[in-house]
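These notes concern the structure reproduced below.
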Amino acid sequence: MKYCSNCSKPVVSEIPSGDNRLRYVCRHCDSIHYQNPRVIAGVLPIFEGKVLLCRRAIQPRLDYWTLPAGFLENGESTLDGALRECYEESHATVVDAELYALFDIPQIHQVYVFYRATMPAPDYAATPESSEVGLFAENDIPWEHLAFPVVEITLRRFFQDRQAGTFTVRQETIEKKWLTQPKDT
Ligand SMILES: [Zn+2]
């Protein structure tokens, strides 16, 4: 942040009195601009054992595969946001959504929330955000072409849990090793 969103004057980075973290502070209008992690909500859509993936038509990670997910909007629950993103990215409708994963990625200031959900029918389509959408069996997942480590981790946990026969809510903090060595499992 360079300029104050309130008065457009330059901001400085400093620890305000009574605080213990660096903030962007405007000395002209005394605004303190707090920045907090962003929430990304998504769906793990399942149809007859296969997982729906979307091939990204947008940057970042253009052409890589991802689970449908995106930034939560103000006024929206994580579930509503996940369902909205699922439809926007794949034109798929899902039912019986259950919370599946809460992944913190502190290094990039993101919190991911994924819901497991069932597709009542194999209805989906490419969208402005996804050049291709498809259902993948475990053996067909394009592991080398997944967009983000969090997608790989979510899929690996899902297949582990399915093999074990029981799903529990997964909560993990994704560390730097995943961000720099996404293939390190
Ligand atoms: Zn200002």
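The values are calculated or read from the model by the stated rules, or taken from the named source; none is laboratory data. Bear in mind the structure is a predicted one, so any value in this text is a computation, not a measurement. We place every Cβ from the backbone using ideal geometry, glycine too, and count neighbours over all the protein chains shown. Areas reflect the complete protein model, heavy atoms only, side chains present, ligands, DNA and RNA absent. Shrake-Rupley method; radii C 1.70, N 1.55, O 1.52, S 1.80 Å.
Observations on the model:
- Enumeration of residues in the stretch 1-11 that are surrounded by 11 or more Cβ atoms within 10 Å (Cβ to Cβ) and either in contact with a strand residue (DSSP E or B) (Cβ under 9 Å, 6 or more places away or on another chain) or not in a loop (DSSP other than H, G, I, E, B) (or both): Met1, Tyr3, Cys4, Ser5, Asn6, Lys9, Pro10, Val11
- Odd one out for Val94, checked against (1) of a type in the set (Val, Ile, Thr); (2) under 28 Å from Glu144 (Cα atoms); (3) within 16 Å of the ligand (Cβ to nearest atom): (3)
- Looking only at the stretch 109-132, and only at residues there that are under 15 Å from Gly70 (Cβ atoms) and of a type in the set (A, V, I, L, M), the one that is least open to solvent (accessible area, probe 1.4 Å): Val113
- Of the strands (runs of 3 or more DSSP E) that lie entirely inside the stretch 16-78, those containing 3 or more residues that are within 16 Å of the ligand (Cβ to nearest atom) and outside the structural domain of Pro142 (by TED's automatic domain parsing) span 23-25.
- Taken together, the residues in the stretch 34-66 that are on the phi > 0 side of the Ramachandran plot, open to solvent by 40 Å² or more (accessible area, probe 1.4 Å) and not basic (Lys, Arg) amount to 2.
- Close contacts from the stretch 4-27, counting a first residue that is at negative phi and a second that is small (Gly, Ala, Ser) and surrounded by 12 or more Cβ atoms within 10 Å (Cβ to Cβ), with Cβ to Cβ under 9 Å and a gap of 6+ residues or different chains, come to Cys4/Ser31; Ser5/Ser31; Asn6/Ser31; Cys7/Ser31; Val11/Ser31; Tyr24/Ser31; Val25/Ser31.
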